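S.K.: Quick one: the structure is below, questions incoming.
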Amino acid sequence: ILPIVVKAFEMEIIPANRIVAQIGETLILTCNTTDCASPSFSWRTQMDNPLGGTVNNHRTYSTLTMNPVSIVNSHDYLCTVFCGEKEKKEKSIKVELYSFPSDPIIEISPSLVAGEAVTVICKIPDVYPSDHLEVLLKKEEHVLHTANFYDDDRANIETKTVKYSFNPTAEDIGKEITCVAKLPIASMDFEPKERATSQKLNANFGPQNTIITVSPGNSPMKGDPLKLICVTEGNPPPQIVWRKHLADESIQHLIENNVLSIPHAHFTDSGLYICEVINPVTNKTETATVDIVIQDGPKNTMISVIPATAVKEGETVTMKCTSSGNPAPVISWKKKKATGESEKIIKDETLTIQNIKSQDLGLYECEAYNRFGKEKKAVKLLVQVPPQNITVLVYPSKNVKEGENVTIMCSTYSNPPSEMVLKKVHQEKEIILPSVNGTFILYNVTKNDTGRYLLHVFNEVGNNIKEIEIAVVGRLEKTDQMIPLVIAFSCVTAIAVPVVAILIYVSRKAKINGSYSLVKALRLKV
């Protein structure tokens, strides 16, 4: 008979014997059994300190979870397994801790200015155990400073700080300052055991040497693309703002960018452009300016006349012509002749006529010209003249017989054209005879038409009066018909056109061609 062999149960701890864990992470210890139907588990530290974790028992294994791992978990942990009432096994695991979670932090204080001392501060966050920590400060590959904390026996995580001051030179600007932190614990297997952080040694300066470059140039043609680039030096990179001086001395804000682009230049894009550069760290501002003039033919040509386009004879008139364009347009004045041709007067923007006369009236033309084109504007100058050179003719004479016709004709020179009114003066009443053409014809006069007549000639700038005495005597021996008394009036008053006194044949039939007639009913009794 073969003997019955009873196989003893087995146990293990995973991981076995020793584990290196970083403070702040999660660690799970597992106690596992085989060949035991109903095991029971227990966990403790070798020195009976608190577990610092959570136990979860399962059918064949048990776990101890530390989340997160902290300093209190730096112990030897024992797992005891009971299989039935008599069998018992026990194993231990050593938990070793470290903390080296992140790269160093570099601070340079104060903000670096070339030639002034600075302090480099290197911080190594949450280190444990710090008595193994070694720190190097380097400028490029040159070691500036070393430090260690071998005498630090504090048993908790700490942020360690290393400071070092030095006087940088101008050549140092732009070089890298590196902080290297090492935690070389030979007995612990973890990575990384070395961490480093670098920062360039930058000096805050500027803005300085600010200039504006213009493409294709300061005087592009109308329609060309235009690009203005503001270039400056400074650290940190300065803020750039474009502005433009307007004609009314105000400043227009354009963009906040170092490049100002105008796809199609117009004449209104001409002006003084300002690039303003601001460094908020150094609290300094610098500006650069450029004058842009868009080349174009004459535009916006205008004429101003002082005191007015209609002036009185003898006054002084000044006409000024202005035009925009680049190059600046040349201004010349011409006067239109009656033939339609132009007579060149002056090559200047201002034309002044003193003691103006009637022959100075007419159409004046201003021409603005440059190599890209020309533009014209015209103004009509009117010279106002009061009635003058008045001529009065009476036909057949001032002494006539009853039944005859009397023609009174007048001519005058004036501008604007004169109006005329003929008045017959009586002792008791005044008869006013208005008209529009200046020839008065009295048909079939009677003795009642005898008397003194006043001819009023007037316009907007003056007036004149002529007096006429007419005497009617006797009566013509004509009985064929009765001719009613009609008054007609016509007068030529056009400027600079002489009036020819054309005597009108008066028909006894009272039918007169080419004259304007008024019947007796038109006489206004005042």
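The values are calculated or read from the model by the stated rules, or taken from the named source; none is laboratory data. Everything quoted here is computed from the prediction, not taken from an experiment. Methodologically, a virtual Cβ is constructed for each residue, glycine included, from the backbone with ideal geometry; neighbour enumeration extends over all protein chains shown. Just so you know, the surface numbers come from the protein's heavy atoms only, side chains and all, with ligands and any DNA or RNA stripped out. Shrake-Rupley method; radii C 1.70, N 1.55, O 1.52, S 1.80 Å.
S.K.: Quick check on my filter: what residues within the range 339-351 are in contact (Cβ under 8 Å) with a residue 12 or more places away in the chain and over 21 Å from Tyr369 (Cβ atoms)?
M.R.: Of all residues in the range 339-351, those in contact (Cβ under 8 Å) with a residue 12 or more places away in the chain come to 342, 344-351.
Those that are in contact (Cβ under 8 Å) with a residue 12 or more places away in the chain and over 21 Å from Tyr369 (Cβ atoms): none in the range 339-351.
S.K.: Quick one: is Thr282 among the hydroxyl-bearing types (Ser, Thr, Tyr), modelled with pLDDT under 90, over 30 Å from Val385 (Cβ atoms) and open to solvent by 80 Å² or more (accessible area, probe 1.4 Å)?
M.R.: Numbers: among the hydroxyl-bearing types (Ser, Thr, Tyr): yes; modelled with pLDDT under 90: yes; over 30 Å from Val385 (Cβ atoms): yes; open to solvent by 80 Å² or more (accessible area, probe 1.4 Å): no.
No.
S.K.: How many residues, within the range 302-321, are open to solvent by less than 50 Å² (accessible area, probe 1.4 Å) and either not in a strand (DSSP E or B) or not assigned by the TED database to the domain that holds Asn355 (or both)?
M.R.: 2
S.K.: Restricting attention to the range 384-397, which residues are out of contact with any Phe, Trp or Tyr (no Cβ under 9 Å at 6 or more places or on another chain) and in contact (Cβ under 8 Å) with a residue 40 or more places away in the chain? Spell out how you get there, then give the answer.
M.R.: From the range 384-397, those out of contact with any Phe, Trp or Tyr (no Cβ under 9 Å at 6 or more places or on another chain) are 384, 391-397; that's our starting set.
Scanning the range 384-397 gives Gln384, Thr391, Val392, Leu393, Val394, Tyr395.
S.K.: Same structure again: Of the residues Lys88, Lys123, Lys138, which is open to solvent by 60 Å² or more (accessible area, probe 1.4 Å), without any contact (Cβ under 8 Å) to a residue 60 or more places away in the chain, over 24 Å from Phe190 (Cα atoms) and assigned to a strand (DSSP E or B)? Talk me through it step by step, then tell me what you get.
M.R.: Numbers: Lys123 fails: over 24 Å from Phe190 (Cα atoms); Lys138 fails: open to solvent by 60 Å² or more (accessible area, probe 1.4 Å).
So the residue among Lys88, Lys123, Lys138 that is open to solvent by 60 Å² or more (accessible area, probe 1.4 Å), without any contact (Cβ under 8 Å) to a residue 60 or more places away in the chain, over 24 Å from Phe190 (Cα atoms) and assigned to a strand (DSSP E or B) is Lys88.
S.K.: Let me ask something else. Within the range 411-437, which residues are more than 23 Å from Asn389 (Cβ to Cβ), of a type in the set (Val, Ile, Thr) and either in the same structural domain as Gln359 (by the TED database) or modelled with pLDDT of 75 or more (or both)?
M.R.: Scanning the range 411-437 gives Val425, Ile432.
S.K.: Could you grab me the full set of residues in the range 237-279 that are within 21 Å of Phe205 (Cβ to Cβ) and either open to solvent by less than 30 Å² (accessible area, probe 1.4 Å) or part of a loop (DSSP other than H, G, I, E, B) (or both)?
M.R.: Going residue by residue through the range 237-279, those that are within 21 Å of Phe205 (Cβ to Cβ) are 237-241, 258, 275-279.
Of everything in the range 237-279, those that are within 21 Å of Phe205 (Cβ to Cβ) and either open to solvent by less than 30 Å² (accessible area, probe 1.4 Å) or part of a loop (DSSP other than H, G, I, E, B) (or both) turn out to be Pro237, Pro238, Ile240, Val241, Asn258, Cys275, Val277, Asn279.
S.K.: Have a look at Asp360, Asp296 and point out the one that is of a type outside the set (Lys, Arg) and crowded, with 18+ Cβ neighbours inside 10 Å.
M.R.: Working: Asp360 fails: crowded, with 18+ Cβ neighbours inside 10 Å.
When all the criteria are applied, what remains is Asp296.
Let's see how each residue does on (1) buried (at least 16 other Cβ atoms within 10 Å of the Cβ); (2) in contact with a His (Cβ under 7 Å, 6 or more places away or on another chain); (3) closer than 25 Å to Ala265 by Cβ; (4) hydrophobic (A, V, I, L, M, F, W, C):
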site: Ser323; (1), (2), (3), (4): yes, no, yes, no
site: Ile331; (1), (2), (3), (4): yes, no, yes, yes
site: Thr339; (1), (2), (3), (4): no, no, no, no
site: Thr352; (1), (2), (3), (4): no, no, no, no
site: Gly373; (1), (2), (3), (4): no, no, yes, no
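S.K.: Would you tally the residues in the range 212-230 being among the β-branched types (Val, Ile, Thr) and open to solvent by 40 Å² or more (accessible area, probe 1.4 Å)? It would help to see each step written out before you state the result.
M.R.: Within the range 212-230, the subset among the β-branched types (Val, Ile, Thr) is 212-214, 229.
From what's left, open to solvent by 40 Å² or more (accessible area, probe 1.4 Å): 213, 229.
Final tally of qualifying residues: 2.
S.K.: Can you find even one residue in the range 398-415 that is farther than 18 Å from Glu315 by Cβ and free of Cβ contacts under 8 Å to residues at least 60 places away in the same chain?
M.R.: no
S.K.: Find all pairs meeting these conditions: Cβ atoms under 7 angstrom apart; at least six residues apart or on different chains; first residue within the range 367-381 and at positive phi; second residue at pLDDT 90 or above.
M.R.: Short answer, once both residue conditions are applied: Gly373/Pro298.
S.K.: Please tell me if Asn463 is crowded, with 19+ Cβ neighbours inside 10 Å and under 60 Å from the mean Cα position of the chain (by Cα). Reasoning before the result, please.
M.R.: Values: crowded, with 19+ Cβ neighbours inside 10 Å: no; under 60 Å from the mean Cα position of the chain (by Cα): yes.
Criteria not met by Asn463.
S.K.: Then there is this: Name the strands (runs of 3 or more DSSP E) wholly inside the range 42-85 in which the number of residues that are open to solvent by 20 Å² or more (accessible area, probe 1.4 Å) and more than 17 Å from Glu96 (Cα to Cα) is 3 or more. Full working, then the answer.
M.R.: On the way: elements: 54-57, 61-66, 76-83.
Of the strands (runs of 3 or more DSSP E) lying wholly inside the range 42-85, those with at least 3 residues that are open to solvent by 20 Å² or more (accessible area, probe 1.4 Å) and more than 17 Å from Glu96 (Cα to Cα) span 54-57.
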